[in-house]
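Following: one structure in structure tokens, then a few remarks.
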Amino acid sequence: MAYDGRAVANYFLELAKKDGVPLSHLKLQKLIYFAHGWYLAYYGEPLVENGVQAWQHGPVSPDVYEAFKWFGAKPIDRPATQKIAADNDEGYTRVVVAPPPPSDQQVRQHIERAYRSYRRYSAAKLSAATHIPGSPWAQTTEGLPTRGIRLQMNDEVIKGYFNRALERSQKGATDKAAE
């Protein structure tokens with residue numbers, strides 16, 4: 001089951017708050033991308049329901065962008081919200097709620113692993129890691145000017161890339177064990 005990107009973002013924000021570590025919008029976007037990619041590799045399913053798009057500074061979840069764009073480069077200090085229709089005595093009204101973080105324990109553990117793996121890297125380093133030759137972002141934007149770009153990234157391309165990374169890490173572990 002894929003999740004609303006804002007729900008995934010809210011869990012990353014919860015984890016960072018517990019650590020006392022501020023998260024910028026750029027770093028949050030990259031954490032979501034890496035968690036999404038590894039989820040595709042490990043479980044064969046997307047983590048984020050609307051996937052990610054290739055933008056100038058790397059992969060972006062558009063829903064998360066809309067929720068946090070007004071923070072700019074400042075640390076995010078509140079969860080993402082969304083407007084939903086709520087039934088009341090006068091009919092429907094719009095209310096603002098924070099999408100709850102995923103409740104599935106496997107998903108939560110996966111997000112926690114991604115957070116622990118990538119939290120020490122700066123937003124700039126994470127962004128640069130998404131731009132390396134052969135990466136899904138590079139494949140999506142190949143031959144195109146990236147300024148102002150917003151192209152949907154193919155989950156199969158992302159999955160293949162992270163599967164290859166997983167195979168390399170497993171082979172490395174096997175090679176070390178054989179020594």
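List of remarks:
- Of K18/K74; K18/K171; K74/K171; K17/K69, pairs whose Cα-Cα distance is over 29 Å: K18/K171; K74/K171
- Candidate values [x] 15.3, 43; [y] 17.4, 72; [z] 16.0, 46, label of the one derived for Rg and Dmax of the Cα atoms in Å: [y]
- Residue-wise HN-Hα couplings along region 64-80, as the Karplus relation 6.51 cos²θ - 1.76 cosθ + 1.60 with θ = phi - 60° gives them from phi, are 5, 4, 4, 5, 10, 4, 6, 6, x, 8, 6, x, 7, 10, 8, x, 5 Hz; Gly and Pro carry x.
- Here the 3J(HN,Hα) profile of region 130-144, calculated from phi with Karplus coefficients 6.51, -1.76 and 1.60 at θ = phi - 60°, is 7, 9, 5, x, x, 5, x, 4, 5, 5, 5, 9, 3, x, 10 Hz, Gly and Pro shown as x.
- The mean sequence distance of close C-alpha pairs (under 8 Å, at least 6 residues apart), as a share of the length of the chain, puts its relative contact order at 30 percent.
- Note, ³J(HN,Hα) from phi for region 151-157, Karplus 6.51, -1.76, 1.60, rounded to Hz, x at Gly and Pro: 10, 5, 8, 7, 4, 5, 5
- Proxy reagent accessibility, fewest Cβ within 10 Å first, across S135, S117: S117, S135
- Helical content alone sets the calculated 222 nm signal of the chain at -16500 deg cm²/dmol, taking -39,500 (n - 2.57) per DSSP H segment of four or more residues and averaging over every residue.
We did not get these values from a lab; they are worked out from the coordinates using the rules stated. These numbers come from a predicted model, not from an experiment. Heads up, the Cβs are rebuilt from the backbone with ideal geometry, glycines too, and the neighbour counts pull from every protein chain shown.
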